[in-house]
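> One structure, pasted below without further comment.
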Amino acid sequence: MVRLVLVLGDQLSPGLSALRKADKTTDLVVMAEVMDEATYVPHHPKKIAFCLMAMRKFAHRLRADGWQVAYTQLDDPENTGSISGELIRRAAEFDAAGVVYTEPGEWRLIAALGDLPLRSHCLPDNRFIASHAEFDAWAAGRKQLRMEYFYRDMRRKTGLLMDGDQPEGGKWNYDHDNRKPAPDQVDFAGPLQFEADEDVLDLVEARFAQNFGTLRPFWFATDADQAQEQLTHWIEGGLPKFGDFQDAMLNAHRFLYHALISFYLNAGLLDPLSVCKQAEAAYRAGAAPLNAVEGFIRQIIGWREYVRGIYFREGPDYVTRNALGHNRALPPVFWGGKTKMNCMGKAVRQTRDEAYAHHIQRLMVTGNFALLSGVDPTEVHEWYLAVYADAYEWVEAPNVIGMSQFADDGIIASKPYISSGNYIHKMSDYCGSCAYRVQDKTGPDACPFNLLYWHFLDRHRDRFKGNPRMGNMYRVWDRMDETRRDTVLKEADAWLDRLDAGEGV
Ligand code: FAD
Ligand code: DLZ
Ligand code: SF4
């Protein structure tokens, strides 16, 4: 009897556990473009187009490899609209004995597949370096789950950048040499631009025109060969300076030295271990310095694996956590509403155009702004999940709920990632062309980050005053003249009132 093998839109890897388990001579691969997946948040049109183009090409590749594939397109009249519905429909159509699938990356879909009225077999996702059991064993009994220690175990496990049992160069982490302020010039051209499937663009344009985000020009890679081309292009041109300027932001350069491979890694078009080995080979060949290569490998075998471990360990309610009791509605600036803040305007416009912003834009501009102004973290989470083409809950939620919004009460971050305008000024050229003045701490032109930073610390004093990493901040605040403190708080409140009133502040 035929057995169904489900392949989801972010499981486009020939070595996927469900495919490994299956027999191409008897089993039937099921792939389905469905409205449930396209609408559970209002995804950026580029994200939907990327997913559909990559799914169609992957189905084509599977057929060429000898698989039988039952593929449902979004506008097929029989389309039931959900992954479960499509599995049930295909099971009846082919009189299937059951379904085998690889664990999805979101609790929502794990629950839906768990409820299927079919004999089902769920396999672990074999595209990660640490299994759930390994992560849980690492986490068990630890007071603090600091990424750095987990990362060292991943270095030992993979052998990446190891010199026997010691880290290459004698140190585990070379961040001290990274994170320089914005350079005057960027000598890397940015990501390769690939040809799009016009049928998919037309479909997405017709069905999702109201979603936030620009569909054209569409330039993403949509198969494994193209994704590898992008990786090779970046290793040669971007990796050598990746570490130095990892945290920099420039008006005129959206991508700087970033790899732009998260879409491809998360959809399964690139394999994380292979990516890291290629970066390591560049270091061993003398083509990229250790600080850049170590920093890059840490993001992938460290942060990426670590946030996945947290997502699955913390369970489905993680996305509703709100440790700081924040309840402001997400301001319109996040959906392209008017703003006088150049940094916010730039980060949001880039997000609208590219479905991409780099880490520091996500963390220290949009994330910092949402946290300082007290936006409801669930709304922040849903925004990030919708607007970035690399966003699936397993990776997005820990970064947003945990790292960026401190809504998990410090599981991921030992202190909130907050800063005044100073940090943005140091790392970018945004402030020079802003209507606000980063030097002004109060007054009509004061940078809102300067006001909101103290407002945040003041309103959360009880929670953070005992945090040893924040003592200095409170000492500076407490040393400030009382009238000045009063002015800062009043101006911050007035600014937030204008934000709530819908003014383009
Ligand atoms: P590079 O800067 O070139 O880094 C290389 C790779 O390292 C990335 O491709 C990515 O796979 C990995 N990586 C780096 N940092 C992280 C991290 N913190 N967590 C997981 N992987 C990481 N990343 C996503 O893949 N999906 C998300 O939905 C997502 N949401 C984020 C939300 C917030 C608030 C923050 C602060 C970060 C988020 N990140 C997310 C992490 C990071 O911003 C992106 O992985 C990165 O910007 C992708 O661009 P790149 O490929 O050019 O990465
Ligand atoms: C993101 C996405 C979109 C937009 N569309 C589909 C789809 O039509 N079919 C599909 O199988 N997957 C899609 N995906 C990816 C899924 O949402 C993803 O597999 C789950 O969220 C689990 O990570
Ligand atoms: Fe952003 Fe403030 Fe700088 Fe303007 S002055 S770009 S609001 S940090």
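> Could you grab the pairs with beta carbons closer than 9 Å, sequence gap of 6+ or different chains, first residue in region 441-457 and over 18 Å from Val365 (Cβ atoms), second one part of a strand (DSSP E or B)?
Close Cβ pairs satisfying both conditions: Gly443/Arg437; Asp445/Arg437.
> Something else about it: Here is a list of conditions, (1) over 29 Å from Lys180 (Cβ atoms); (2) open to solvent by 10 Å² or more (accessible area, probe 1.4 Å); (3) part of a loop (DSSP other than H, G, I, E, B), and Ala494 meets all of them except one; can you say which number that is?
(3)
> Taking region 334-353, which residues are out of contact with any Ser or Thr (no Cβ under 6 Å at 6 or more places or on another chain) and crowded, with 21+ Cβ neighbours inside 10 Å?
Passing the criteria: Phe334, Thr339, Met341, Cys343, Met344, Lys346, Val348, Thr351.
> Does at least one position in region 322-333 carry a residue that is without any contact (Cβ under 8 Å) to a residue 12 or more places away in the chain, part of a helix (DSSP H, G or I) and open to solvent by 20 Å² or more (accessible area, probe 1.4 Å)? Walk me through how you get there before you give the answer.
Our first condition is that a residue be without any contact (Cβ under 8 Å) to a residue 12 or more places away in the chain; within region 322-333, this holds for 325.
Next, only the ones that are part of a helix (DSSP H, G or I) stay: none.
No: zero hits.
> Restricting attention to region 288-300, does a residue exist that is of a type in the set (Val, Ile, Thr) and away from ligand 1 (no atom under 14 Å from the Cβ)?
no
> All but one of (1) away from ligand 2 (no atom under 16 Å from the Cβ); (2) over 19 Å from Pro448 (Cα atoms); (3) among the basic types (Lys, Arg) hold for Arg304; state the number of the condition that does not hold.
Arg304 satisfies every listed condition except (1).
> Among the residues of region 442-459, write down those that are part of a loop (DSSP other than H, G, I, E, B) and open to solvent by 30 Å² or more (accessible area, probe 1.4 Å).
Thr442, Pro444, Asp445
> Filter region 376-407 down to the residues that are surrounded by fewer than 22 Cβ atoms within 10 Å (Cβ to Cβ) and farther than 27 Å from Pro272 by Cα, then identify the one that is nearest to ligand 2 (Cβ to nearest atom).
It comes out as Thr378.
> For Ala206, only one of the following conditions fails: (1) surrounded by fewer than 18 Cβ atoms within 10 Å (Cβ to Cβ); (2) among the aliphatic types (A, V, I, L, M); (3) in a loop (DSSP other than H, G, I, E, B). What is its number?
Every listed condition holds for Ala206 apart from (3).
> How about region 481-493: which of its residues are hydrophobic (A, V, I, L, M, F, W, C) and either closer than 16 Å to Val375 by Cα or touching a Gly at 6+ places or on another chain (Cβ under 6 Å) (or both)?
Result: Ala492, single match.
> Okay, moving on. Look through region 218-266, keep the residues that are under 16 Å from Leu52 (Cα atoms) and open to solvent by 20 Å² or more (accessible area, probe 1.4 Å), and return whichever of them is farthest from ligand 1 (Cβ to nearest atom).
It comes out as Asp223.
> Tell me, which residue of region 84-131 that is within 30 Å of Gly159 (Cβ to Cβ) and surrounded by fewer than 17 Cβ atoms within 10 Å (Cβ to Cβ) is farthest from ligand 1 (Cβ to nearest atom)?
Step by step, filter region 84-131, then rank; the result is Leu123.
> So the check is Cβ under 6 Å with 6+ separation or different chains; which pairs have a first residue in region 48-64 that's within 16 Å of Pro14 (Cβ to Cβ) and at pLDDT 95 or above and a second one that's aromatic (Phe, Trp, Tyr) and more than 16 Å from ligand 1 (Cβ to nearest atom)?
Ala59/Tyr71
> Any residue in region 42-50 that is surrounded by fewer than 24 Cβ atoms within 10 Å (Cβ to Cβ) and over 28 Å from the mean Cα position of the chain (by Cα)?
Within region 42-50, not a single residue is surrounded by fewer than 24 Cβ atoms within 10 Å (Cβ to Cβ) and over 28 Å from the mean Cα position of the chain (by Cα).
> Out of all the residues in region 427-441, which are exposed (fewer than 15 other Cβ atoms within 10 Å of the Cβ) and farther than 19 Å from Arg349 by Cα?
The answer is Gln439, Asp440.
> Could you please give the count of residues in region 468-485 that are more than 19 Å from Cys447 (Cβ to Cβ), surrounded by fewer than 16 Cβ atoms within 10 Å (Cβ to Cβ) and without any contact (Cβ under 8 Å) to a residue 40 or more places away in the chain?
Total meeting the criteria: 9.
The values are calculated or read from the model by the stated rules, or taken from the named source; none is laboratory data. Keep in mind it's a predicted model, so treat the numbers as computed, not measured. All Cβ positions, glycine included, derive from the backbone under ideal geometry; neighbour counts span all protein chains shown. These accessible areas exclude ligands, DNA and RNA; they are computed on the full protein's heavy atoms, side chains included. Shrake-Rupley method; radii C 1.70, N 1.55, O 1.52, S 1.80 Å.
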